[in-house]
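Shown next, in structure tokens, is the structure this report addresses.
Every number in this text was worked out from the coordinates using simple rules, so none of it is lab data. From a predicted model like this one, the values you see are computed outputs, not experimental measurements. Here the Cβ positions follow ideal geometry from the backbone for every residue, glycine too, while neighbour counts run over all protein chains shown.
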Amino acid sequence: MNIEIAVNQIEKSALAHLDLNDVSFGTTFSDHMFIADYLDGRWQDFRITPIEPIPMHPGNAVLHYSQTIFEGMKALRRKDGTPVLLRADAHAQRLNKSAQRMCMPEIPQELFLAGLRRLVDIERNWIPHSEWGFLYLRPYMIAMDDSLYPIPSKKYKFVIITSPSSSPIYGKPVRLITESFYVRAVKGGIGEAKSGGNYSASYLPAAEAKEIGFDQMIYLESPDFKVIQEAGTMNLFFVIGNKVVTPSTTGTILRGITRSSFLTLLEDNGIKTEVRDITIDEVVQAYETGNLKEAFGAGTAAVVSPVAEIVHNGFVMSLPPISEQKIGASLKADLAAICRGEKKDKWGWTVEVHS
Ligand SMILES: Cc1ncc(COP(=O)(O)O)c(C=O)c1O
């Protein structure tokens, strides 16, 4: 594939007015964006432009039927300042799995990577230097037909924008409550796809959980509300006895890339892992017998989010203090060390970006 990217670079970066050590997740955008159009059955017109609105007809299909998918990934820095992309191949593959499910055209992996590398190269100064800061990368695809007919579009846009963050999204250990009314996803649905509707559908349950003092809810598989799915935008891990257990991905939860990295790191460190259905009753029982040692959420933006408390049907499980929850913390440190180049990247998870 011939990938020529036309670049229109701005003269003055908005970075001059920003303190990269004090930016909250998702609120600030870098100077440029990457765009490609899907027209007449092929991807074309690859370009990097100053970040600007996307003009859209009010009858555009994406506004009505949510034919939209996205990825969430990161650029970080090596110790010497060189930018690196983390697990870019895995994100490209997952975007294409979402595209298949949502009846959208796939993005050739080489186009996805070329767009990302060029954009991150241009925006390299937007990657925070702080220990846990990162440049969040948001590749996404939207339907572009001007049509109210509820069928897949013929036209699409693939866009990449970037947003710096000075720290992971959850600053402190989270309080979680199990959800036994709302569902996030069902087997055969679109829970495994990173598609917009999955997220807006969780706003109401999340708001209700917040109202009663929780950071997020744990979704359980309907109709029995026993098998654990995930919490908000994080995959869950439970340390039970000497094993680390995480739910299997059977179509209702996102195949988290942090989750996959953690499973590899755990096995590499000789820690026993189990990927299987886990019920909330099993977690309660482990708690009652003193075997629930640790619980944490895993995701790109949170990395590791230790769990302080889980409440199920009014039963409160207080997890050990964070100083004793060692496994999540060591996974977070290992992944950061691989990105910084302080630990060998045995699995080729990082790609350096050079001009
Ligand atoms: C619903 C959901 N679950 C889990 C995750 C974690 O996935 P990843 O590790 O690929 O970021 C995310 C991503 O942010 C998510 O949106």
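Tabulated values for the structure
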read-out	value
Sequence-distant lysines (8 or more away, or on other chains) whose Cα lies within less than 27 Å of LYS344	LYS74, LYS79, LYS243, LYS272, LYS326, LYS332
Set of aspartates and glutamates near LYS346 by C-alpha distance (under 17 Å), chain-local residues within fewer than 8 positions excluded	ASP89, GLU267, ASP268, ASP334
Within the stretch 164-214, trypsin sites (Lys or Arg not before Pro) in DSSP loop having at most 11 other beta-carbon neighbours inside 10 Å	LYS187
GNM top mover of GLY115, GLY341, GLY314 - the chain, alpha-carbon springs below 10 Å	GLY314
Cα→Cβ-extended label distance, 7 Å offset, between ALA201 and GLU288, nm	3.3 nm
Sparse-neighbour loop sites [chymotrypsin sites (Phe, Trp or Tyr not before Pro); the stretch 144-195; at most 14 other C-beta within 10 Å; DSSP]	PHE181
Computed lengthening from ARG47 to SER130, 0.36 nm per intervening residue step minus Cα-Cα distance	26.9 nm
Spin-label pair THR279/ALA6, simplified geometry with 7 Å Cα→Cβ offset, distance in nm	6.1 nm
CD proxy at 222 nm, helix term only [per DSSP H run n ≥ 4: -39500 (n - 2.57); per residue of the chain; nearest 500]	-7000 deg cm²/dmol
FRET efficiency estimate (nearest 0.05) - Cβ-Cβ, SER323 to GLU208, R0 45 angstrom	0.90
Candidate aspartates and glutamates - alpha carbon under 14 Å from LYS154, same-chain residues fewer than 8 apart omitted	ASP37, ASP40, GLU106, ASP145, ASP146
Positive minus negative residues near ASN198 (Lys, Arg vs Asp, Glu; Cβ under 10 Å)	+1
Residues LEU39 and GLN93, FRET efficiency given R0 of 22 Å [Cβ-Cβ distance, rounded to 0.05]	0.35
Ellipsoid equivalent to the stretch 36-166 - semi-axes via the Cα gyration tensor, in Å	29, 15, 13
Per residue, the convex hull volume that the Cα atoms of the chain enclose (Å³)	146 Å³
In the stretch 91-177, the GluC sites (Glu not before Pro) that fall in loop regions by DSSP, at most 15 other Cβ within 10 Å	GLU131
Local electrostatic count at ILE51 - Lys and Arg +1, Asp and Glu -1, tallied over other residues with Cβ under 11 Å	-3
Extension reserve of the PHE181-THR264 stretch, reckoned as 0.36 nm per residue once the Cα distance is removed	26.5 nm
When the convex hull of its Cα atoms is projected in every direction, mean area for the stretch 205-355 (nm²)	10.6 nm²
Scaled radius of gyration (Cα, divided by 2.2 N^0.38 Å) that the stretch 198-281 gives	1.17
Per-pair calculated FRET efficiency, R0 = 25 Å: ALA337 and ASP22 via Cβ, rounded to 0.05	0.50
